[in-house]
Structures are given as C-alpha cells and as structure tokens.
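The values are calculated or read from the model by the stated rules, or taken from the named source; none is laboratory data. Given the structure is predicted, the values throughout are model-derived calculations rather than measurements. All Cβ positions, glycine included, derive from the backbone under ideal geometry; neighbour counts span all protein chains shown. Surface areas here come from the heavy atoms of the whole protein model, side chains and all, with no ligands, DNA or RNA. Shrake-Rupley method; radii C 1.70, N 1.55, O 1.52, S 1.80 Å.
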Amino acid sequence: MAAYIKTDDKSHIVMKEKDFVKWDPKYKVGIPVIDEQHEHLVTLCNEFYQSLLKNNNEQSYNSLVRQTLEECLKYAGTHFKEEERLMLASGYEGYKHHKHVHDSFTEKVQIAYASFERLPVAEAIKFARFLYEWVHTHIAHEDRLYIPHLVKFLQQNASKNS
C-alpha cells in the first residue's frame with residue numbers, strides 16, 4: 001500500500017509498510033560486530049523513513065532530520081573505522097577503494113547535516129532512499145568482497161593464539 005507526501009514542488013509516493021528496508025540474513029557477513037552495526041543501519045533507515053511519514057510540523061521534522069543525520073555520522077565513524085581497521089590488519093588489497101566508498105558516504109551525510117534546517121521533505125525522502133540503496137549495494141555487495149579475505153585472516157590469527 002502506498003501513500004503520498006505532498007511537498008512544495010511535487011508529491012512523492014511512499015510506502016506505508018513498517019520497514020522500508022527489511023533485514024535479511026543475506027546481509028550477514030559472519031563477523032558479529034560488523035553484522036550488529038549493519039543491522040543498526042537498517043534499523044536507522046527504517047526509523048528515519050517512518051518518522052518522515054509521521055511528520056507533523058517543521059519543528060519535529062527538523063529534529064528528526066538532525067537526529068538521524070547525527071546517528072548516521074556516529075554510525076559511519078564507528079562502523080567504518082572498525083571495518084577499515086580489520087581490512088588494514090588483514091592486508092586486504094581492496095582497502096583503498098573501500099575506504100573511498102566509506103568517505104563518500106560520510107561526506108554525503110556531512111553535507112546533508114550542514115544544511116539540515118534547509119533540507120526540504122523531498123530531499124529527506126531522497127536521503128532515505130540513499131540509505132536504502134547503501135544497504136542494498138554496499139552491505140549486500142561491496143562488503144561481501146572483503147569477507148573471504150578477512151575470515152581467512154581471522155581464522156589464521158585464532159589458530160595462532162590457540
């Protein structure tokens with residue numbers, strides 16, 4: 001079922017389902033700390049989207065956008081550092097590219113955060129879509145590229161420490 005959000009420039013079709021992004025076991029990479037952080041991003045995306053649907057006034061909208069963008073920056077800071085630390089420790093060859101993708105995500109969130117008070121609803125919906133696509137492209141695909149290398153590294157270290 002769909003609903004419409006009316007903005008100054010146009011209407012946007014939105015979904016009314018509870019979850020904008022459904023957590024799927026296919027997103028799991030097999031490293032508990034990374035899986036928990038990925039699941040948190042899915043939750044954040046869903047909370048942001050549902051709050052947009054419940055938006056009642058400009059003050060609650062601004063508060064919602066600010067809180068979500070702050071949480072995205074916090075997520076990026078924690079999660080990306082953890083992934084990048086593991087990639088560097090394991091000698092993953094795709095590290096530079098992966099870090100560049102992380103930096104691009106962080107930059108997009110920082111730009112949105114810097115102008116959140118002027119961010120129209122249409123842009124907030126685009127940002128929710130960006131989070132949705134990030135889950136489907138980055139977590140479900142990009143992160144899969146480093147997992148075999150990282151799992152092998154972690155297994156080798158575990159056997160050395162046994």
ask   = What aspartates and glutamates could a cross-link reach from residue 28, if we take a straight Cα to Cα line under 13 Å and drop same-chain neighbours fewer than 8 places away?
value = 36, 39, 142, 143
inquiry  = Output the 0 to 90 degree angle, nearest 10, between the alpha-carbon long axis of helix 58-75 and the longest principal axis computed from the alpha carbons of the chain.
reply    = 10
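Residue separation times 0.36 nm, minus the C-alpha to C-alpha distance between residue 58 and residue 70: what's the value? Walk me through the numbers before you get to the answer.
Details: separation 12, 0.36 × 12 = 4.32 nm, distance 1.80 nm.
Answer, rounded to one decimal: 2.5 nm.
For the chain, give the magnitude of the charge dipole about the Cα centre (Cβ charges: +1 Lys/Arg, -1 Asp/Glu; no others), in debye to the nearest 20.
On the way: 21 positive and 23 negative charges, 46 e Å.
So the magnitude is around 220 debye.
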task = Can you tell me the 0 to 90 degree angle between the C-alpha axis of helix 95-114 and the longest principal axis of the chain, rounded to 10?
result = 20
query = Fully extended, how many nm does the chain gain between residue 110 and residue 151 (0.36 nm per residue separation, minus their Cα-Cα distance)?
reply = 11.6 nm
query = Say the dipole of the chain comes from +1 at the beta carbon of Lys and Arg and -1 at that of Asp and Glu; which of 110, 51, 132 then lies farthest toward its positive end?
reply = 132
request  = Using only the alpha carbons, work out the radius of gyration and Dmax of the stretch 29-162 in angstrom.
outcome  = 16.9, 58
Percent of C-alpha pairs per 10 Å bin, the stretch 25-70, short to long = 25, 39, 24, 11, 1
remark   = Taking Cα atoms only, helix 81-90 is inclined relative to the longest principal axis of the chain by an angle, in degrees rounded to 10, of 20
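For the chain, which whole-number percentage of the solvent-accessible area (1.4 Å probe, protein heavy atoms only) is attributable to carbon and sulfur atoms? Provide the component values of the computation, followed by the final result.
Working: 4950 of 9540 Å².
Whole-percent figure for carbon plus sulfur exposure: 52.
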